[in-house]
Each structure stands twice: as C-alpha cells, then as structure tokens.
1. Regarding segment 24-45, can at least one residue be identified that is part of a loop (DSSP other than H, G, I, E, B) and either more than 24 Å from Val129 (Cα to Cα) or at pLDDT 95 or above (or both)?
2. Count, please, the residues in segment 236-264 that happen to be at positive phi and modelled with pLDDT of 85 or more.
3. Please specify each residue of segment 7-21 satisfying the condition of being touching a residue at least 40 places away in the same chain (Cβ under 8 Å) and assigned to a helix (DSSP H, G or I).
Amino acid sequence: MSDLIADSFAWVNLPFTLLLGLVIIHWTIVAMGLIGLDSLDFDLDGNTDVHLDVHSDLDVHSDLDVHADFQADADAQVDVRAEADVDGNIDGDPAMEGCADAHEGNESGMAGGGHILTSLLQFVNADHVPVLIILSVLSVSMWTTSVVANHYLNSGLSGAIALALLVPNVILSLMLTKMITLPLRPLFRTFKEGTARKLILIGKTCIVRTSEVTASFGQAEVIGEEGQILLNVTCQNGDRIKKGDEVVIVSHTPDRRTYEVVKM
C-alpha cells in the first residue's frame, strides 16, 4: 500500500493523480446535491467552432470614421476620431492583405480544432453519456496505466521514458473509455428521451379528474402522443381548481414526479 501511495505521488504520475483527485472532488459535490450529474455536459450537435468576428463596414469609395466617446462625471467629453482612407481595392495595401490572411488562418485553425475536439468526444460516447462519467473512466484508466507502466518500465523516473509512455497511455485509455461506456449509451439515451417527452407536455392543456387540485395533490388527464395520460398535478398559486376544469401545465418536478398547473 505504501508503494502505491509513493508511486501515485511520484512526479511522473502526479498529473494523473491530481486529475483523479479533481474528479473525486467533483463526484463528492454531486453526491451532496450541489450540482447535477450533467454539470459538465454541453451540446455536441451545435456549432462547436470558435469564431473571432471583427466586423467593419468599409465603404470602398469613402472614408471610414470610427468614433469613441467617453464622458466623465464632470461632463467632460473626449472625442477620439480615427480615419482610415480606403481607396479602390484593399488588395493594393500589403498590410491589409496580411491582416486579412492572418484572420482567415486563425478562423480556419480554430474551426479545425473544434471539429477535432467534437470527434474525440463522440468517439468516447460523450454525445450520449454524461461527460463526468466519461472523464471519470478516462482519469482512472490513465492513472492506473501511468502508475503500472512507470513502476515496471521506468523505475528510475526518467522524464524521457515517462514522455514516451504518455502516448500509448492516452491511446489505450481512450479505447478503454469507449469500450466501458458503450453499454451506457442506451441507458442515457432512454433517459434523455424520457426527459424530452416530459418537456413536450409543458404548455399543454389538460382536464382535472380529481375533486380538486391543491398544492400537494391532484390528477389531470392530457392527450399525449401515446393517447390519454393521467398525470399527478399540483397548483402552487392558490387557484381554486375543481373537477372538470381546464388547466395548463407550466412545469415539471422530477423528484416528486408531479406537474404544476395553473387555471385557464
């Protein structure tokens, strides 16, 4: 046990030990209910590219005026005017051409980086499984591989050997993470689809079926995609709602499995 602790805090393994420690701390915060399991998730289907957009309206045959006004408390005004003369074609100015080429290069570079990151996250199933679980499996795998590999192949704690072991460690850990989290994809896909169905019900009209709806009890019937659905509902705004009234679903409370409604 002492050897394991010593190996864990050896400088060649310390980065992976710290990463694993951060993941454990994050899980502790999740267990305390301060944040959710999906606190690290983000939309992989959206646009992950990073664009630095600097927009200027240039009139090719006129002057470009840039005004910046700063007003102090003493009503003093400082006028800063910058004028740039753009005559004819921008191609005639080598400096402007260089700036334009550099801007295009930065955009294409950042876009390429975004695509690589997206592909990597999809490879390890982060498009279906929460990122926290992915990061947990990956950190445990990288820490275990690093400790074992350096213990048997790098007992002298050589920096060169540790760097050489890093590449196979990352590749092996990514493959293990993909294999371990693959069975979890259907589970979390079903969970997300169920959540989406609950969100679809919000805003729908339903008919009260119990004698009344209170802040703690009530049932109402709504027409959903699967036919008539009987829901547990509550009313928190003090409306007097009785059997046969039409109400609108305004929110869902997952832990109580109830829907809040208001009277139409």
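The values are calculated or read from the model by the stated rules, or taken from the named source; none is laboratory data. Keep in mind that this is a model prediction, so the values were computed, not measured. Cβ: placed from backbone, ideal geometry, glycine included. Neighbour counts: every protein chain shown.
1. Here is the first cut: in segment 24-45, the residues part of a loop (DSSP other than H, G, I, E, B) are 32-45.
Filter once more, so that each one left must be either more than 24 Å from Val129 (Cα to Cα) or at pLDDT 95 or above (or both): none.
The answer is no, given that none of the residues of segment 24-45 is part of a loop (DSSP other than H, G, I, E, B) and either more than 24 Å from Val129 (Cα to Cα) or at pLDDT 95 or above (or both).
2. First pass over segment 236-264, keeping only residues at positive phi: 238, 244, 257.
Restricting the remaining residues to those that are modelled with pLDDT of 85 or more gives 244.
Residues meeting the conditions: 1.
3. Of all residues in segment 7-21, those touching a residue at least 40 places away in the same chain (Cβ under 8 Å) come to 7-8, 10-13, 16-17, 19-20.
Result: Asp7, Ser8, Phe16, Thr17, Leu19, Leu20.
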